[in-house]
Amino acid sequence: MAVVGIPILEDLYPVTMDMWPLESKEFNRIWPFYENLKQGRFTTTKCKDCGFVAYPPRVICPECYSENLEYIDLPTKGKIIVFSEEVKGVPLGFESPLIHAVIDLGVDPVRRVLSRIVNCPAGVLKQGDEVQLAVFPVPAFPIEKGKAGTIMAERVFFAFEPVKK
Amino acid sequence: MARKAVILAGGQCKWGVREAHIVDLFQEAAKACLDDIPTLKPKDIDGLIVATSYAGRCSFQVNTAPVVAERCGLKPTSICTRCDTLCAGGSTGIILAKGLVEAGAADIVMVAGGEKLYTPQKWEVFYSELASVDHDWDGAQGMGLPPPFFALTAQEHMMHYGTKKEQLAAVSVANYNYAADNPVAQMQKKLTLEEAMSAPIVVPPLTLYDCCPITDGAAACIITTDEIAKKFTDRPLVYIRGTAQVCLNSVSANFPGAHLADWKHTRIAAQKAYERAKVTPNDVKVAQTHDCFSISEVIEVEELGFCKKGEGGEFCGSKQIEIGGKVPVNTDGGLLAVGHPFGATGIRQAIEIMKQLQGRARHQVKDADIGLTHNLSGANAEHTILIYGREPVK
């Protein structure tokens, strides 16, 4: 489908308009984070030399600059510290209600993660409510692979959702 | 004699929803700047620092400095570059210009900031805000547009310190009333507490007047040394006494405070800037702080040391930010009412402090000799402070 005003962009993918990360290994060295997400795991990197756990994941340890890192699991359940609900004027790409919360996952460095809360109507959330990781598909993006043609890189992303009582 | 940086002159174009290209706005600002110092000609300017963040997205133009230089008739021979620290770009440019002129690497530098944010279809600027925060982490969580982040901040301030909505509204009222007679402000109307309190909800507890608008605009100022400045002006010199820029995190999960209303990075920036300027918070007679939201100003007056931590609501609600109060803040109307074209804001603040310290501000603070500007940028990821004075640091 053509882009209004710019017909040359018909069927082309503008990465500068992509709201999701380029998660595939061709474009991102922390691709294991996203592969782990696909398995329902919320992970980050830990330095095998100095033990420092960084969030988000890195390709070097920000404390000792070692490249000797491993992926470790973070908790997938936490509690709401504070939240906001946006009902009107939700920006393009997100649905109303757009709910954000600061979540305590109980361990450093994820004691105050700011995340979207999905699968939750407006007006029901309370401080202290338990939430859990929610992984959902987001649109795949095309990568040109020379003679092999173009492949579609499948993607997921994450938010948190209320734990059903 | 050590070279000491001063702000010599400055001007801004009309801010608001502008029927203009970004390069038009920069030309208007450059003219407003040189109109403020008729003895200075474009050929005298040997350096240009351009502060813009959205030119790349909303005007499809990167490497903006040569574009601005050419359109404004400048032919820099010392420096011609762009800096991008979003909401703090203008202040960053001034810090860089100070260093260059004091080091002798440049003599007369124009720092010009501007943005053209209103695109033919409005969705695009809002959508582009996904790039204003850490894109892959906070942007993808829908934190691009800042009201939710500052709504959470306001909630935590209310939870921890008992701040009231009326105290947030008092900031909006003060800043709108400062801007009511400012001909270049986006919002030129008086605001009452009743109007502020009954305004439409944006994200609770923030309502319409708690949030700064989207703004097209540009501003420019001239940074040089005191000895050079004396050749061009008889006005009192306004020295850049001390500066600091502090960045401790980018992704919101690594926010450095104990909670979102605890701005440790602002405190560190303030301490560094006060030390370098050899002044204390009690010396500051007037300040331009980053009131992107009313709650921001409430927290800033605390973290800058104008009142105790947690008492910002009371400070703002009891008219201490107004003329006659302890520290008049955002005396030209601030971001809330003058508007916020990101790269231009720090320059607008510097111009207002320059005018205050020269005794020619529209809402003049009596005997103002020390003034301060402050910016936050991104998802509260960086803080930038400059302290100006009628005398240099000795």
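For this structure, a couple of remarks:
- Members of region A:79-96 found to be more than 19 Å from the chain's Cα centre (by Cα) and among the aromatic types (F, W, Y), listed by number: none
- Checking each residue in region B:75-89 for being surrounded by 21 or more Cβ atoms within 10 Å (Cβ to Cβ) and either on the phi > 0 side of the Ramachandran plot or not in a strand (DSSP E or B) (or both) picks out B:T85, B:L86, B:C87, B:A88, B:G89.
- Pairs, first closer than 13 Å to B:R348 by Cα in region B:1-30, second among the charged types (D, E, K, R) and part of a helix (DSSP H, G or I), C-beta under 7 Å, six or more apart: B:G11/B:D35; B:Q12/B:R348; B:C13/B:E28
- Scanning region A:105-122 for residues that are within 11 Å of chain B (Cβ to nearest Cβ) and out of contact with any helix residue (DSSP H, G or I) (no Cβ under 8 Å at 6 or more places or on another chain) yields A:L105, A:D108, A:R111, A:S115, A:R116, A:I117, A:V118, A:A122.
- Residue in region A:53-65 that is closer than 23 Å to B:P146 by Cα and within 9 Å of chain B (Cβ to nearest Cβ) present: yes
- Spans of helices (runs of 4 or more DSSP H) in region B:191-283 with at least 1 residues in contact (Cβ under 8 Å) with a residue 60 or more places away in the chain and closer than 23 Å to B:H340 by Cα: B:264-277
- Scope region B:50-74; condition of a type outside the set (K, R) and assigned to a helix (DSSP H, G or I); matching residues: B:A55, B:G56, B:C58, B:T64, B:A65, B:P66, B:V67, B:V68, B:A69, B:E70
- Residue check, A:C50 of a type outside the set (D, E), part of a loop (DSSP other than H, G, I, E, B) and within 18 Å of B:S250 (Cβ to Cβ): no
- Applying the condition of being more than 8 Å from chain A (Cβ to nearest Cβ) and of a type in the set (A, V, I, L, M) to region B:145-178 and asking which residue is surrounded by the fewest Cβ atoms within 10 Å (Cβ to Cβ) yields B:M158.
- For beta carbons closer than 6 Å, sequence separation of 6+ or different chains, a first residue in region B:115-144 that is within 9 Å of chain A (Cβ to nearest Cβ) and a second that is assigned to a helix (DSSP H, G or I) and of a type in the set (G, A, S), the qualifying pairs are B:L130/B:G139; B:D138/B:S252.
- The listed residue being touching a residue at least 24 places away in the same chain (Cβ under 8 Å) and either assigned to a helix (DSSP H, G or I) or at the interface with chain B (Cβ under 9 Å from one of its Cβ atoms) (or both), out of A:I72, A:I81, A:I8: A:I81
- Checked against (1) surrounded by 17 or more Cβ atoms within 10 Å (Cβ to Cβ); (2) within 14 Å of another protein chain (Cβ to nearest Cβ); (3) without any contact (Cβ under 8 Å) to a residue 40 or more places away in the chain; (4) among the polar types (S, T, N, Q), A:S96 passes all but a single condition, namely (1).
- A:D73 being closer than 22 Å to A:N36 by Cα, at pLDDT 95 or above, acidic (D, E) and within 16 Å of the chain's Cα centre (by Cα): yes
- If only residues of region A:107-122 that are over 19 Å from A:P57 (Cβ atoms) and assigned to a loop (DSSP other than H, G, I, E, B) are counted, the one that is nearest to the chain's Cα centre (by Cα) is A:V118.
The values are calculated or read from the model by the stated rules, or taken from the named source; none is laboratory data. Fair warning: this is a prediction, and the values are worked out from it, not measured in the lab. Note that each Cβ is placed from the backbone with ideal geometry, even for glycine, and that neighbours are counted across all protein chains shown.
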